[in-house]
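**Student:** Quick one: this structure, given as structure tokens, is what I'll be asking you about.
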Amino acid sequence: MRNSRLIILLIFLLFLALTVYNLLRNRYSTLGPEMQNLALPDPARISEVILQGPLSRPENSVALHLVKRDNEWFVNDSIPAKPGLVVSFLQAAASISIKAPLPGTKARAVKKRMESEGTQAIFLAGKSSVRHYYVVSDTEGSYILQKGRGKPVSFVIPGFPGNPAGIFTAQTDFWEDVALHPLFAGDLKEVRLQYADKPNLSFSLNKTGHSAWSLTDFQGMVRKIPDKSLALKDFLISLRRIPGTIPTDSSISKAIELSLNQGPFAVLTTVCTPDSVTVAFYRYLSETPCSVRPDPYLCIARSSRDCYILLVKYTDLDNLLMEPSDFQE
């Protein structure tokens, strides 16, 4: 009886070992080298990402470049990327996991689609290519192929609820943070707001302590701003970014040029520890003839820091273009 039990146990262990062996052999022989090192390694090293849209869609096939400069990310080396978006994208690429291998027929069909409908994503560290992916999706799932690594596979990004292929997009509006940024990374010391047409409303704010500020009006009179001032809080928050749209319609280029020639109606200057930034606001003379009446809803903003101008809604400046009386509480 004891020998019979031992034989049964040995047979069971042998069967278990063969099962595990076959599973591993089938898994690795099916996926081959493309499952090795698929995820993006060490995302902190990445200094540039090139996203190439589908070649079958000429309007989307222009390559988009995400470039890291001074620890900040820029779209096509000019417009700032949305805060944290590129870092999250790199972390997602570092979490890529294989969901399942593809049967031969399906793999060949997906690989063919990748050539015309897929998006290419090239991750660079300096001038060295770290990963080069081809990504495409259909109603059945998302697929990825590492260049030079055999067959495409179905993939997932753990914790990402949507279509993982969707984050590999070359659409500029997905990445761009279309805004002016009046603040540098250093400690803010002073803010000056000057009104050309109403100089008596001009003022400056000076930091006098960790969270203490004073206001100096156009006559040079100084008064302390209450520590819990909501107006001060809203004003400082508004300094982080000024949202707007980049004028791309060539038909309004003349109106913008004439508007800028009129001079700014307000000038905002922020003084930080390393440097200062100036943002000038101009009336947008949008009508024809352009010199008749300013646009009641939009103005033009131009920064000494950013290399573009924006059309900005006045409603987005409610907490920024303030007057000294707004800080009296």
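**Student:** In whole Hz, what ³J(HN,Hα) sequence does segment 266-275 give by Karplus (6.51, -1.76, 1.60; θ = phi - 60°), x for Gly and Pro?
**Tutor:** In residue order, the calculated couplings are 8, 10, 9, 10, 10, 10, 10, 4, x, 6 Hz.
**Student:** Mind listing the long-range amide H neighbours of Lys189? Cut-off is under 5 Å, sequence gap 5 or more, other chains count too, H placed in the peptide plane at 1.01 Å from N.
**Tutor:** So Lys189 has HN proximity to Val271, Cys272, Thr273.
**Student:** Divide the volume of the convex hull of the Cα atoms of segment 33-176 by its number of residues and quote the answer in cubic angstrom per residue.
**Tutor:** Normalising the Cα hull of segment 33-176 by residue number yields 110 Å³.
**Student:** Say each of Cys307 and Phe218 gets a label point 7 Å from the Cα, pointing the same way as Cα to Cβ; how far apart are those two points in nm?
**Tutor:** It works out to 3.7 nm between the two label points.
**Student:** Run the numbers for Thr139 and Ala109: contour at 0.36 nm per residue of separation, minus the present Cα-Cα distance, in nm.
**Tutor:** Gain on stretching Thr139 to Ala109: 9.4 nm.
**Student:** What distance in nm lies between label points placed 7 Å from Cα along the C-beta direction at His132 and Asn37?
**Tutor:** Here the answer is 1.5 nm between the modelled labels.
**Student:** OK, next. What is the distance in Å between the Cα centres of segment 119-156 and segment 94-117?
**Tutor:** 9
**Student:** Which entries in Lys82/Lys233; Lys224/Lys313; Lys68/Lys99; Lys82/Lys313; Lys68/Lys254 show an alpha-carbon gap greater than 26 Å?
**Tutor:** Lys224/Lys313; Lys68/Lys99; Lys68/Lys254
**Student:** In whole Hz and in residue order, list the ³J(HN,Hα) couplings for segment 72-80 that follow from phi through the Karplus curve 6.51 cos²θ - 1.76 cosθ + 1.60, θ = phi - 60°; x for Gly and Pro.
**Tutor:** 10, 9, 10, 8, 6, 6, 9, 8, x
**Student:** Starting from 0.36 nm per residue, how many nanometres of slack lie between Asp173 and Gln91 once their C-alpha separation is accounted for?
**Tutor:** Using 0.36 nm per residue and subtracting the Cα-Cα distance, I get 27.5 nm.
**Student:** So, in nm, how far is label Leu230 from label Ser78 when the simple model puts each one 7 Å beyond its Cα toward the Cβ?
**Tutor:** 4.1
**Student:** Moving to a separate point now. Peptides 91-102, 62-73: what's the order by average Cβ count within 10 Å, highest mean first?
**Tutor:** 91-102, 62-73
**Student:** Tell me, in nm to one decimal, what length is gained between Glu117 and Asp316 on full extension, where the rule is 0.36 nm per residue of separation less the Cα-Cα distance?
**Tutor:** 67.7 nm
**Student:** Under the Karplus relation 6.51 cos²θ - 1.76 cosθ + 1.60, θ = phi - 60°, what is the ordered set of whole-Hz ³J(HN,Hα) values for segment 238-245, x standing for Gly and Pro?
**Tutor:** In residue order, the calculated couplings are 5, 5, 5, 7, 10, x, x, 10 Hz.
**Student:** When a/c is below 1.5 the answer is rounded, else prolate if a/b is larger than b/c, else oblate, so apply that to segment 169-327 with a ≥ b ≥ c taken from the square roots of the Cα gyration tensor eigenvalues.
**Tutor:** Judged from the Cα gyration tensor, segment 169-327 comes out oblate (a/c at least 1.5, b/c at or above a/b).
Where a number appears in this text, it was derived from the coordinates with a stated rule and is not lab data. On a predicted model such as this, the values are computed, not experimentally measured, just so you know. Please note: Cβ atoms are built from the backbone with ideal geometry, for glycine as well, and neighbour counts cover all protein chains shown.
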